[in-house]
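The values are calculated or read from the model by the stated rules, or taken from the named source; none is laboratory data. Computed from a predicted structure; not experimentally measured. For neighbour counting, all protein chains shown are included, and Cβ atoms are generated from backbone atoms with ideal geometry for every residue, glycine included.
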Amino acid sequence: MSFNRRNFLILLGGSTGAAALGLFPKDSLAQATASEQKPFAVAPLPYAYNALEPHIDEETMRFHHDKHYVSYTTKLNEAVNKYPQLANKSAEEIISDLDSLPEDVRTTIRNNGGGYVNHTMFWQIMAPNAGGQPTGEIAKAIASAFGSFDKFKTAFNDAGSKQFGSGWSWLVLDNSKQLKVIGTPNQDSPLMMGMYPIMGNDVWEHAYYLKYRNERAKYLEAWWNVVNWDEVNKRYQQAIA
Ligand code: MN3
């Protein structure tokens with residue numbers, strides 16, 4: 001007779017007991033704790049940790065999502081929970097107006113709110129069996145703004161490789177509704193500059209070092225194989241609407 005996890009839980013009388021007994025792998029514990037966060041929840045990965053192999057390895061995805069992202073979320077929530085008036089806003093709204101934030105949490109929210117919003121997008125704009133050429137409206141918009149998809153790719157990779165230290169490369173819709181490629185340091189979001197992030201690539205070492213070591217350019221090139229153009233297209237449609 002074999003028990004699945006659910007039966008096993010019922011047998012033990014609930015997950016708290018099972019968790020306390022150390023019967024789960026550490027990951028599922030981290031996920032369980034993370035999902036209870038308020039006001040901002042940790043978004044689960046919409047695919048398995050190993051789904052982006054061979055381009056992005058399983059271990060990187062586990063650390064990136066379960067450690068780095070969870071930590072941004074926790075610190076953002078700690079800061080926001082000090083000021084109940086912030087808890088009714090979306091994370092995007094909060095980081096779009098840093099100047100209005102209480103000074104004692106402004107830097108914390110800039111870093112961790114940026115980290116939260118950037119990564120919540122990042123998991124969605126990647127997918128297994130994705131990549132290739134863009135399709136739909138975003139394909140036309142990229143071709144008209146940059147001349148061709150390849151020219152856009154070069155500009156986007158350049159923004160990533162020229163970013164000194166940690167940061168992001170972005171395709172944004174700027175405040176005059178033009179597509180543009182920019183880089184930002186740390187966890188700064190284009191939202192902090194009045195621009196809308198259509199897609200972004202994380203060029204922090206934590207995003208690639210386990211597999212690509214110091215070779216950021218190789219990671220930037222491989223990343224195109226996991227771009228979820230359906231999601232990017234959706235974000236573009238929302239931005240121009
Ligand atoms: Mn990251």
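Computed quantities for the displayed model
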{"quantity": "Filtered residues of region 188-208 (kept if near the ligand (Cβ under 10 Å from one of its atoms) and either touching a Pro at 6+ places or on another chain (Cβ under 7 Å) or not in a strand (DSSP E or B) (or both))", "calculated": "203, 204, 205, 206, 207, 208"}
{"quantity": "Region 48-88, residues that are charged (D, E, K, R), touching a residue at least 24 places away in the same chain (Cβ under 8 Å) and in contact with a Phe, Trp or Tyr (Cβ under 6 Å, 6 or more places away or on another chain)", "calculated": "62"}
{"quantity": "Subset of region 122-154 (residues that are out of contact with any Asp or Glu (no Cβ under 9 Å at 6 or more places or on another chain), of a type in the set (A, V, I, L, M) and crowded, with 19+ Cβ neighbours inside 10 Å)", "calculated": "138, 141, 142"}
{"quantity": "Residue within region 45-57 that is in a helix (DSSP H, G or I) and either modelled with pLDDT under 95 or within 16 Å of the ligand (Cβ to nearest atom) (or both) present", "calculated": "no"}
{"quantity": "Helices (runs of 4 or more DSSP H) fully within region 65-154 counting 1 or more residues that are within 16 Å of the ligand (Cβ to nearest atom)", "calculated": "70-80, 91-96, 103-124"}
{"quantity": "Residue in region 14-37 that is at pLDDT 95 or above and either of a type in the set (A, V, I, L, M) or exposed (fewer than 12 other Cβ atoms within 10 Å of the Cβ) (or both) present", "calculated": "no"}
{"quantity": "Among the residues listed as 225, 186, 233, the single one being over 26 Å from residue 95 (Cα atoms), at pLDDT 95 or above and surrounded by fewer than 20 Cβ atoms within 10 Å (Cβ to Cβ)", "calculated": "225"}
